[in-house]
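See structure below.
The values are calculated or read from the model by the stated rules, or taken from the named source; none is laboratory data. All of these numbers come straight from a predicted model, not from anything done at the bench. A quick note on method: Cβ atoms are made from the backbone with ideal geometry, for glycine too, and the neighbour counts reach across all protein chains shown.
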Amino acid sequence: MVKFTADELRMIMDRKHNIRNMSVIAHVDHGKSTLTDSLVAAAGIIAQEVAGDVRMTDTRADEAERGITIKSTGISLYYQMSDDALKGYKGERQGNEYLINLIDSPGHVDFSSEVTAALRITDGALVVVDCVEGVCVQTETVLRQALGERIRPVLTVNKMDRCFLELQVDGEEAYQTFQKVVENANVIMATYEDPLLGDVQVYPEKGTVAFSAGLHGWAFTLTNFAKMYASKFGVDEAKMMERLWGENFFDPATKKWTSKHTGSPTCKRGFVQFCYEPIKQIINTCMNDQKDKLWPMLQKLGVTMKSDEKDLMGKALMKRVMQTWLPASDALLEMMVFHLPSPARAQRYRVENLYEGPLDDAYANAIRNCDPGGPLMLYVSKMIPASDKGRFFAFGRVFSGKVSTGLKVRIMGPNYVPGEKKDLYVKNVQRTVIWMGKKQETVEDVPCGNTVAMVGLDQFITKNATLTNEKEVDAHPIRAMKFSVSPVVRVAVQCKVASDLPKLVEGLKRLAKSDPMVVCTIEESGEHIVAGAGELHLEICLKDLQDDFMGGAQIIKSDPVVSFRETVLERSSRIVMSKSPNKHNRLYMEARPLEEGLPEAIDEGRIGPKDDPKNRSKILSEEFGWDKDLAKKIWCFGPETIGPNMVVDMCKGVQYLNEIKDSVVAGFQWASKEGPLAEENMRGICFEVCDVVLHADAIHRGGGQIIPTARRVFYASHLTAKPRLMEPVYLVEIQAPEQALGGIYSVLNQKRGHVFEEMQRPGTPLYNIKAYLPVVESFGFSSTLRAATSGQAFPQCVFDHWDMMSSDPLEAGSQASMLVAEIRKRKGLKEQITPLSEFEDKL
Amino acid sequence: MDLEHNFEIARVAEFILSHGFTRVALQFPDELLRDSMRVVKALRRELNSSVKLYVMADTTYGSCCVDEVGAAHVNAECVIHYGHTCLSPTSTIPALFIFGKASISTSDCARSLLKYGLECGKPVLVLFGLEYAHAIPEIKSALLSDASCLSGSVSTSEHLFADASCSFISPSGTFGPANQPGSIDRRVENECLDEENSQNYKIGGLSWRLPQGRTMEDYSLFWIGLDNPAFSNVVLTFNSCEIVRYDAKEDRLIIDLSQQKKILRRRYYLVEKAKDANMIGVLVGTLGAAGYLHMIHQMTELITKAGKKSYTFVMGKPNPAKLANFPELDVFIHVSCAQTALLDSKEFLAPVITPFEAMLALDRGSQWTGAYQMDFGDLISSTPSVANKQSEEARFSFIQGGYVEDLDLHDNDEVEKDEILALVNVTEKALQVRDEDTRSLTKTVAKSGAEYFASRSYHGLDINGTDPVPAKFLTGRSGKASGYKDENTHR
């Protein structure tokens, strides 16, 4: 049934102009996987009849069950295009066979990391947008990500069937809706003008926008119709294309084209007249079972049905007819082949994004030219669990050279620094594998421009890596991927049976490998923590952990744990002092909040320890109003030397100050990691060292005396500066019909959320709501919302910012103080905050 | 309480006379020091003048161990150790331990014990602080009478009492009653040995024998005594057993010991943390317990094998200020007797772990299974299985939440040489290097102490100050060091 063999596939892999690597990206539930099905069906991997129902790329049981994609799935497809179809293709090609390496990606925001991994190894993206819901938050996020990676997009307006069957809108209204979708997408794309990539906006009249109904397996681009009518009207195909979109009207009565609506009732927009109406007619005829009318119409269109298909009725008939008339695969394939770049073309400009090393060395050139004879450059973007438990395929893309079974490769991990031996291994590739639908095929070698899975490297690749030939010691790695989400939701896990601990440890290690976004750590109290991007992500991870990575051993998970930050509201009420254990050294200090926006600037890395001090002081003085000299006196950032807190030296004329700097810094790293309130990280605090008194003998002002004292004085100054807790806040986007708004608002109110934007989607009854929601309150938010709106609202949450909680944690009975007590209890600390008197000393 | 009774003057005198010791050291912990003179006087009355008595106090390490070095200063032939003890074997000098006798309400204790035994439905193993050893026979008899008067019905619960080991310890294996009842050969320490011995257990001076076919998990533990290191030791070692504690001071049973259980999890965290360490300090926490020297060598060997750098410290009782003088060290291994080894305080800059934990952390083949050992005697016998077949896979660090690659000192000799010379190299190039250092606020991971020093921001006197303009002449501080005159203005 599969229409191609591994050998055919392998052969085409050498023709770098006939390859398209593309990912399918979209908002959740806009029909990516369903649409992918039609493409897979056209390659003969699944039957045409079931396309749209099986969701072939949702290979996991839980994906099928929930109806969402969780992992991105790669699949290699082989197509033979007809000469006729390729007539208009101007680019380079070798023969009519095409290889499409397609990656279906998840749409839920929790799995954004999967999209990132998919985008890295593809050159083009098929952006799927639901014609009714329009461009949504995740559409925008993934589109921006794609453009950031220099990935050329094409658009498909999906779920056309809803227009005809569900909404039954008339042609003009539908046109406006589609026009809006295209426009919205173009607004985002327009900001990524790039001389190398060229114009990335999409235009229906240029064939870069398709209209599809994934569920029914049909789709068209204006090219389809233009071809049909060009011969009929005897006009040029390109001209016809232009007339089929935009402000072009046709009046069948006068048989004239105008650029304005003439006002005559028979005058209709080109798109409506020649595309929308005919489809509508066919669909209506099918749905009403008017077969006597249908057959002549089909005959006119040149569509022939098989005899057994003629007995179908209603929807089934419609689906069959549409699939035969406007097969989705043809339209989409044509769009991909014509408008998405081949690896040979794409790598020419993507090399700048990809390669970390100098852009004129041998490796950069090999990538640029997609040279199969050059040195191997391969990026592993993700690890895919193999069928034997605990092992992984390393999945990635060959950018230059060839990877073959048994090849000895240099594995450069994410921490590899050229010239050093850190994070570097030399190993053999045991097997190179390509995916043909559900099954894997071993191939001898895979040349550049293709995606590949490799066996036998999983022990040496942690999450991603760059591979090159054994001898290529000068090669720099390919740039690491940047993720758009961060793991903010955490749960503590433990095993039900204490003796399963080794299994849990092993399982966590594998889990960390299988998903680039999940982080497995351990708390001070000895609890294992699993952190994920969202509730759903975490749920899936824990399921994988238990079922796949721990062999079904039972685990107990705690309620979600949210990490907080400790900050200060204002400057310390006084300068505080702490004495060293030997009482011979005294540190004086004050704490104050960092200027607004500065912690974020540090988070983003605009300001950091590695900057040139001159630049740093420039930014600080120009943007944040710091004194130029002061900016030079930053001792350190923390925690982990890069965090959003700092120590600034404000002392004048203190002897031996240089000597204790390292000790104070060590004390600061320690203190900023575990704040005085609940041992959470500090955030947004500037500590100013006001004065220091030191013993004259070096031995009495050593680290042992200064480090603990510095820690105490940091705590004391923090506690005197109106300490506050900060909580993480989500940006929530909800799309729902008007009648559900009431429910949404009441749920948001109940959960301390607040709406800051409400917008009706033009041309639809749908509203778009944006709100801030504390992460603490977000657990169970989706289900509550679904219940309150009878399933009409579906939220997408992304971490947005830290928000200061107004209540005073030092005041007994306040909300913050209860929170602090709770955290302290969980961490096994004394329930009371250590009083200031423990940290501050008197003269 | 009666001095004579409490300090067992007669027994001590008899012991000294029977062994014919002439120079005897009396070791007191701080809290008993005030009684020392009276004890000496009382002993003097019993002994003839040829016996010289020396009082030792303020031990360098834990007061639970015999201070052999102190005793050697006076050429003592034996040590009489008073107060709480860990009963660690000594290496050179014989010692007699006087546990002291703490008061306890035996009837209350027996009642709680009986009640607990009925409730938990498992056989109960009774363990106790050594200061209560004197009351055990009484509790036993009280228990019997209580049990018999319990409504005729046969008590289903079963009680097993541990025995306090003989209070006399001679240097390991040379002489001493190996088969004396109530004491088990010190040289066999492993929890589980071969068939016939498999039922013998001992911990912190207590020993017991389980009936054939029973394991420790079948028993509930009942601890009589305070919540002290000896108890923590028991909790950690038998962490899979159910444990309750009878507090003799307050006469009540403490069933909720979740805090104690948390210790184990916390130790687990420390082990994980130690795995990330590059430089490790070995703290010498005893100069008495038998085999300590061997243990220190074993530890340094283990550290070197694991590709890390080790430094050995002798600093008496460790405290945060002392340890913070070595901020370059990532973790300390405290080699000491079982009851002082557990040092866990958030005040320490770097974690302090026990040799057993170090074995878990540094030997990549070993895994945390929950089994726990405090005594290092048994660790010595179990030579690490390192064999240095380190798998090449990157190690997963739970502290950093990802895979990390260990720095390996053995990479090649060249590197090693480089490290030794690191400080020299840097000082040679001091002029060029200095500017870079002041510029960056980041630090690279140091592999050895020398490297760490080289990366410090302060290298000594600043000959060429950054500012070419002469500094302004300022009036300095005046007044006393406890608070200079200008400091008062801050208040």
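Computed quantities for the displayed model
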{"item": "Filter result (touching a Phe, Trp or Tyr at 6+ places or on another chain (Cβ under 7 Å), within 23 Å of B:Ser112 (Cβ to Cβ) and of a type in the set (Gly, Ala, Ser)) within region B:204-235", "result": "B:Gly225"}
{"item": "Restricting region B:236-259 to residues that are among the charged types (D, E, K, R) and touching a residue at least 60 places away in the same chain (Cβ under 8 Å), the residue that is farthest from B:Thr106 (Cα to Cα)", "result": "B:Glu242"}
{"item": "Qualifying residue in region A:740-749 (condition: closer than 25 Å to A:Lys825 by Cβ and touching a residue at least 24 places away in the same chain (Cβ under 8 Å))", "result": "no"}
{"item": "The one condition in (1) within 11 Å of chain B (Cβ to nearest Cβ); (2) in a helix (DSSP H, G or I); (3) under 32 Å from the mean Cα position of the chain (by Cα) that A:Glu640 fails to fulfil", "result": "(2)"}
{"item": "Hits in region B:241-263 - residues which are within 14 Å of chain A (Cβ to nearest Cβ) and over 15 Å from B:Cys120 (Cα atoms)", "result": "B:Leu257, B:Ser258, B:Gln259, B:Gln260, B:Lys261, B:Lys262, B:Ile263"}
{"item": "Residue ranges of helices (runs of 4 or more DSSP H) in region A:739-843 with at least 2 members closer than 30 Å to A:Met577 by Cβ and within 14 Å of chain B (Cβ to nearest Cβ)", "result": "none"}
{"item": "In region A:682-707, residue surrounded by the most Cβ atoms within 10 Å (Cβ to Cβ) [restricted to those that are at the interface with chain B (Cβ under 7 Å from one of its Cβ atoms) and part of a helix (DSSP H, G or I)]", "result": "A:Ile707"}
{"item": "Residue among A:Arg711, A:Arg761, A:Arg724 that alone is of a type in the set (Lys, Arg), in contact with a Gly (Cβ under 8 Å, 6 or more places away or on another chain) and farther than 17 Å from A:Pro639 by Cβ", "result": "A:Arg761"}
{"item": "Hits in region A:546-563 - residues which are among the acidic types (Asp, Glu) and farther than 17 Å from A:Leu819 by Cα", "result": "A:Asp547, A:Asp548"}
{"item": "Positions within region A:581-621 being within 22 Å of A:Leu836 (Cβ to Cβ), surrounded by fewer than 21 Cβ atoms within 10 Å (Cβ to Cβ) and in contact with a Leu (Cβ under 8 Å, 6 or more places away or on another chain), in sequence order", "result": "A:Pro593"}
{"item": "Residues that are of a type outside the set (A, V, I, L, M, F, W, C) and surrounded by 21 or more Cβ atoms within 10 Å (Cβ to Cβ), drawn from region B:84-99", "result": "B:His84, B:Thr85, B:Ser88, B:Pro89, B:Thr90"}
{"item": "Enumerated helices (runs of 4 or more DSSP H) restricted to region B:7-111, each holding at least 1 residues that are of a type outside the set (A, V, I, L, M, F, W, C) and under 21 Å from B:Ala133 (Cα atoms)", "result": "B:9-19"}
{"item": "Sole exception among (1) hydrophobic (A, V, I, L, M, F, W, C); (2) under 29 Å from B:Glu347 (Cα atoms); (3) at pLDDT below 90 for A:Val820, by number", "result": "(3)"}
{"item": "Checklist (1) out of contact with any helix residue (DSSP H, G or I) (no Cβ under 6 Å at 6 or more places or on another chain); (2) more than 22 Å from A:Lys71 (Cα to Cα); (3) in contact (Cβ under 8 Å) with a residue 40 or more places away in the chain applied to A:Gln179, failing item", "result": "(3)"}
{"item": "Positions within region B:63-75 being touching a residue at least 40 places away in the same chain (Cβ under 8 Å) and surrounded by fewer than 24 Cβ atoms within 10 Å (Cβ to Cβ), in sequence order", "result": "B:Glu68, B:Val69, B:Gly70, B:Val74, B:Asn75"}
{"item": "Counted residues, region A:236-280 - those being in a loop (DSSP other than H, G, I, E, B) and either modelled with pLDDT under 80 or farther than 22 Å from A:Val209 by Cα (or both)", "result": "12"}
{"item": "Members of region B:267-307 that are farther than 23 Å from B:Tyr452 by Cβ, in contact (Cβ under 8 Å) with a residue 12 or more places away in the chain and within 14 Å of another protein chain (Cβ to nearest Cβ)", "result": "B:Arg267, B:Tyr268, B:Val271"}
{"item": "Residue in region A:281-338 that is modelled with the lowest pLDDT, counting only those that are more than 29 Å from A:Asn96 (Cβ to Cβ) and hydroxyl-bearing (Ser, Thr, Tyr)", "result": "A:Ser307"}
{"item": "Candidates A:Gly597, A:Gly625 - the one that is out of contact with any Pro (no Cβ under 9 Å at 6 or more places or on another chain), closer than 28 Å to A:Ser484 by Cα and touching a residue at least 24 places away in the same chain (Cβ under 8 Å)", "result": "A:Gly597"}
{"item": "Residues located in region A:148-176, provided they are free of Cβ contacts under 8 Å to residues at least 12 places away in the same chain and either under 16 Å from A:Val135 (Cβ atoms) or β-branched (Val, Ile, Thr) (or both)", "result": "A:Val169"}
{"item": "Matching strands (runs of 3 or more DSSP E) fully within region A:518-580 where at least 3 residues are surrounded by fewer than 24 Cβ atoms within 10 Å (Cβ to Cβ) and more than 13 Å from every other protein chain (Cβ to nearest Cβ)", "result": "A:555-557"}
{"item": "Test: residue in region B:308-319 that is more than 14 Å from chain A (Cβ to nearest Cβ), buried (at least 21 other Cβ atoms within 10 Å of the Cβ) and without any contact (Cβ under 8 Å) to a residue 60 or more places away in the chain", "result": "no"}
{"item": "Residue match in region A:226-235 (condition: surrounded by fewer than 24 Cβ atoms within 10 Å (Cβ to Cβ), hydroxyl-bearing (Ser, Thr, Tyr) and within 22 Å of A:Leu155 (Cα to Cα))", "result": "no"}
{"item": "Selection status of A:Glu640, in contact (Cβ under 8 Å) with a residue 12 or more places away in the chain, surrounded by fewer than 23 Cβ atoms within 10 Å (Cβ to Cβ) and within 30 Å of A:Met818 (Cα to Cα)", "result": "yes"}
{"item": "Subset of region A:490-514 (residues that are within 12 Å of chain B (Cβ to nearest Cβ), within 26 Å of the chain's Cα centre (by Cα) and not in a strand (DSSP E or B))", "result": "A:Gly507, A:Leu508, A:Lys509, A:Arg510, A:Leu511, A:Ala512, A:Lys513"}
{"item": "Residue satisfying condition, being within 30 Å of A:Gly148 (Cα to Cα), outside the structural domain of A:Glu334 (by the TED database) and not aromatic (Phe, Trp, Tyr), within set A:Gly234, A:Gly207, A:Gly246", "result": "A:Gly246"}
{"item": "Test set (1) away from chain B (no Cβ under 11 Å); (2) under 25 Å from A:Val692 (Cβ atoms) - A:Glu604 fails condition number", "result": "(2)"}
{"item": "Positions within region A:454-489 being crowded, with 21+ Cβ neighbours inside 10 Å and part of a strand (DSSP E or B), in sequence order", "result": "A:Met454, A:Ala465, A:Thr466, A:Leu467, A:Thr468, A:Ile478, A:Val489"}
